[in-house]
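The structure under discussion appears below in the form of C-alpha cells.
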Amino acid sequence: TDNQGNSYAVSRLMTPRFPLNAVLMEIAARMCGKNVALDLRWAPRDQNFEADELSNSIKHRFNPLNEVKIKVEELDFLVLPEMLKKGRKLYEAVQAGKEQRRAAKQAGFETRSRKKSKAARLRITDPW
C-alpha cells in the first residue's frame, strides 16, 4: 500500500474512521474464520503506480482478459452490511447532537459550565 494509514489500521485491527472501520471488521472476520494473517507493507507511490492507475480507472497498461468482474451486491459479506447500517445510524446521531449544541449556542444557551473565577473558589469563599 502507498498509504501508511492502511498498514497501521490492519496491523492494529482498529481505526476510528468510518467506513474504513466497517471494512476492517469484515477483513478481520474473514481472516479469523480462515486462521490467516494479513500484513500490509508501505511502498512509495512511485513504486506502486499501477495500483494508483487502477484506483483512478486508468486501465490501458492492463490486459482486459485479466479483469475480474465483481458485483458487490452479490458478494457474501460476513459483517459489513450490518456494520455500515449501524455506523450510519451512529454518525447521524452524532451529527444531530452537534447541530443541537450549535443551535443552543447560537440561541444564547451555554452547553458547558464555565470555570469558576479565583475569587469564587471554595478555598477562598469557605476557608477552614
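The values are calculated or read from the model by the stated rules, or taken from the named source; none is laboratory data. Since the structure is predicted, the reported quantities are computational estimates derived from the model, not experimental observations. Note that each Cβ is placed from the backbone with ideal geometry, even for glycine, and that neighbours are counted across all protein chains shown. Accessible surface is based on the protein model in full, side chains and every heavy atom, while ligands, DNA and RNA are left aside. Shrake-Rupley method; radii C 1.70, N 1.55, O 1.52, S 1.80 Å.
Summary of computed values
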item: Charge-dipole axis of the chain as Lys and Arg at +1 and Asp and Glu at -1 on Cβ define it, positive-most pick from 94, 37, 128; result: 128
item: Counted charge near residue 60, where neighbours are those whose Cβ lies closer than 12 Å (Asp, Glu -1; Lys, Arg +1); result: 0
item: Charge dipole (debye, nearest 20) of the chain; +1 at Cβ of Lys and Arg, -1 at Cβ of Asp and Glu; result: 1320 debye
item: The range 1-91 - accessible surface per residue (Å², probe 1.4 Å); result: 83 Å²
item: Hits among lysines - C-alpha to C-alpha of residue 98 under 17 Å, sequence gap 8 or more where chains match; result: 89
item: Euclidean distance of C-alpha centroids, the range 27-64 and the range 68-111, integer Å; result: 27 Å
item: With Cα atoms, 0 to 90° folded angle of helix 20-34 axis to the chain main axis; result: 50 degrees
item: Sites matching trypsin sites (Lys or Arg not before Pro) across the range 1-109 that sit in DSSP coil, with at most 12 neighbouring C-beta atoms within 10 Å; result: 17, 41, 59, 61, 69, 71
